[in-house]
Amino acid sequence: MTSAQPIVRVRELTKRYGDLTVLRGLDIDIQAGEKVAIIGPSGSGKSTLLRMLMTLEEPDGGEIWIDGTPMWSYEQNGARVAASETHLRQVREKLGMVFQHFNLFPHMTVQQNITLAPQLVRGENGGAATETAKRLLDMVGLADKANAYPAKLSGGQKQRVAIARAMAMSPQVMLFDEVTSALDPELVHEVLMVLRKLALETDMTMLLVTHEMAFAREIADRVLFFDQGRILESGSPDEIFTSPREARTQQFLHTVL
Ligand code: ADP
Ligand code: MG
């Protein structure tokens, strides 16, 4: 029996900043449609992994495949050849990322924020891009904000626009890096509602770095616990949250739960 090719495959991924080793040989397989939560202490390499998946950082070793395509290098006549900028851009198009800080374009309306990349990068016509934007704004509960400027929105609304904007490129994989961490507590809920909807009602592949443990437990198929640049432990939400094997995982959960 063969299992399906993972949509994300990571092998022996390493990353250093000077003397600091941030990722120490990560191996990860994520199947299409899987919802994976990444938890772990600050500085354990969670954002570095996501940034590397998004091609924003180059690894020092190892490789990433997205839907079977190697990201950083090819075998060509038996030699390793570095990926070109064109190749990286093509791989990057399969992924969408939402950050802790929303980074909306301030001089554009909500709708223009969402339609820009599909038109510029994918050559969609304005009509099609606008249709998509309307559908996505409806999904994130902001149909009435299409013509508003970001400055007029709350943090929670901005983050929901950022999610819609990433989704507008029809990525195969969505990466979320602590998207609720910068929000006022009363605004966290509305963003989690959108993520929950995506997780439960779509077959989008999702990788979420989060400190919202109850949320991770609710929506994740699998939880990865990061510690010092390694996946120290992985398992179902029940395994990780109810009966973690590792002392470090237990200790971490004690401090955040
Ligand atoms: P996490 O997201 O788990 O909190 P990060 O991946 O952001 O962790 O960072 C892991 C480690 O790498 C931290 O010690 C951080 O200070 C360091 N780091 C991240 N980015 C850089 C950078 N551009 N230059 C130097 N050190 C960095
Ligand atoms: Mg981080």
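The values are calculated or read from the model by the stated rules, or taken from the named source; none is laboratory data. Quick caveat, the model's predicted, so the values are computed rather than measured. Heads up, the Cβs are rebuilt from the backbone with ideal geometry, glycines too, and the neighbour counts pull from every protein chain shown. With ligands, DNA and RNA removed, areas are computed over all heavy atoms of the protein, side chains included. Shrake-Rupley method; radii C 1.70, N 1.55, O 1.52, S 1.80 Å.
Name the residue, out of L104, L56, that is touching a Leu at 6+ places or on another chain (Cβ under 9 Å), open to solvent by 20 Å² or more (accessible area, probe 1.4 Å) and within 16 Å of ligand 1 (Cβ to nearest atom). So that I can check it myself, show each step before the final result.
On the way: L104 fails: within 16 Å of ligand 1 (Cβ to nearest atom).
The unique qualifying residue is L56.
Among the residues of segment 177-227, how many are away from ligand 1 (no atom under 16 Å from the Cβ), under 21 Å from S47 (Cβ atoms) and touching a Pro at 6+ places or on another chain (Cβ under 9 Å)?
Qualifying residue count for the region: 5.
Give me the pairs: first residue in segment 124-151 and surrounded by fewer than 13 Cβ atoms within 10 Å (Cβ to Cβ), second residue not in a helix (DSSP H, G or I), beta-carbon distance under 8 Å, and six or more apart or on different chains, which are they?
Matching pairs, first to second residue: N147/T109; A151/P106.
Given the structure, is V81 more than 16 Å from ligand 2 (Cβ to nearest atom) and either closer than 21 Å to A199 by Cα or in a helix (DSSP H, G or I) (or both)? Step through it out loud before you land on a result.
Working: more than 16 Å from ligand 2 (Cβ to nearest atom): yes; either closer than 21 Å to A199 by Cα or in a helix (DSSP H, G or I) (or both): no.
When the stated conditions are applied, V81 does not pass them.
Please determine whether any residue of segment 87-94 is touching a strand residue (DSSP E or B) at 6+ places or on another chain (Cβ under 9 Å), of a type outside the set (S, T, N, Q) and under 25 Å from E239 (Cα atoms).
no
Matching residues to (1) of a type outside the set (F, W, Y); (2) under 17 Å from the mean Cα position of the chain (by Cα):
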| site | (1), (2) |
| --- | --- |
| V194 | yes, yes |
| I219 | yes, yes |
| G235 | yes, no |
| P244 | yes, no |
| F252 | no, no |
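Return the residue satisfying two criteria in turn: it lies in segment 1-49 and is under 14 Å from the mean Cα position of the chain (by Cα) and in a strand (DSSP E or B), and of such residues it is surrounded by the most Cβ atoms within 10 Å (Cβ to Cβ).
I38
Every residue, every condition in (1) without any contact (Cβ under 8 Å) to a residue 12 or more places away in the chain; (2) buried (at least 20 other Cβ atoms within 10 Å of the Cβ); (3) over 14 Å from the mean Cα position of the chain (by Cα), yes or no:
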| residue | (1), (2), (3) |
| --- | --- |
| S154 | no, no, yes |
| V161 | no, yes, yes |
| R165 | no, yes, no |
| A168 | no, yes, yes |
| M174 | no, yes, no |
| S181 | no, no, yes |
| L187 | no, no, yes |
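Out of all the residues in segment 18-65, which are more than 14 Å from ligand 2 (Cβ to nearest atom) and farther than 29 Å from T202 by Cα? First the steps, then the outcome.
Taking segment 18-65 and keeping what is more than 14 Å from ligand 2 (Cβ to nearest atom), we get 18-21, 24-36, 55, 58-65.
Of everything in segment 18-65, those that are more than 14 Å from ligand 2 (Cβ to nearest atom) and farther than 29 Å from T202 by Cα turn out to be G18, D19, L20, T21, R24, G25, E58, P59, D60, G61, G62.
Scan segment 204-221 residue by residue and report those that are closer than 21 Å to D29 by Cα and buried (at least 19 other Cβ atoms within 10 Å of the Cβ).
T205, M206, L207, L208, V209, T210, A216, I219, A220
Would you point out which residue out of I163, I114 is away from ligand 2 (no atom under 16 Å from the Cβ), in contact with a strand residue (DSSP E or B) (Cβ under 7 Å, 6 or more places away or on another chain) and in a helix (DSSP H, G or I)? Lay out the reasoning, then the answer.
Values: I114 fails: in contact with a strand residue (DSSP E or B) (Cβ under 7 Å, 6 or more places away or on another chain).
After ruling out the rest, the residue left standing is I163.
Since T86 meets every condition but one in (1) of a type in the set (V, I, T); (2) within 21 Å of the chain's Cα centre (by Cα); (3) assigned to a helix (DSSP H, G or I), which condition does it not meet?
Condition not satisfied by T86: (2).
List pairs: first in segment 217-242 and of a type in the set (V, I, T), second in a strand (DSSP E or B), Cβ under 6 Å, 6+ apart or cross-chain?
I219/K35; V223/A37; I231/L224; I240/V223
Which of the residues that make up segment 63-82 are of a type outside the set (F, W, Y) and open to solvent by 20 Å² or more (accessible area, probe 1.4 Å)? Walk me through it before giving the result.
As a first pass, look at segment 63-82 and keep what is of a type outside the set (F, W, Y): 63-64, 66-71, 73, 75-82.
Hits for segment 63-82 are D67, G68, T69, P70, E75, Q76, N77, G78, A79, R80, V81, A82.
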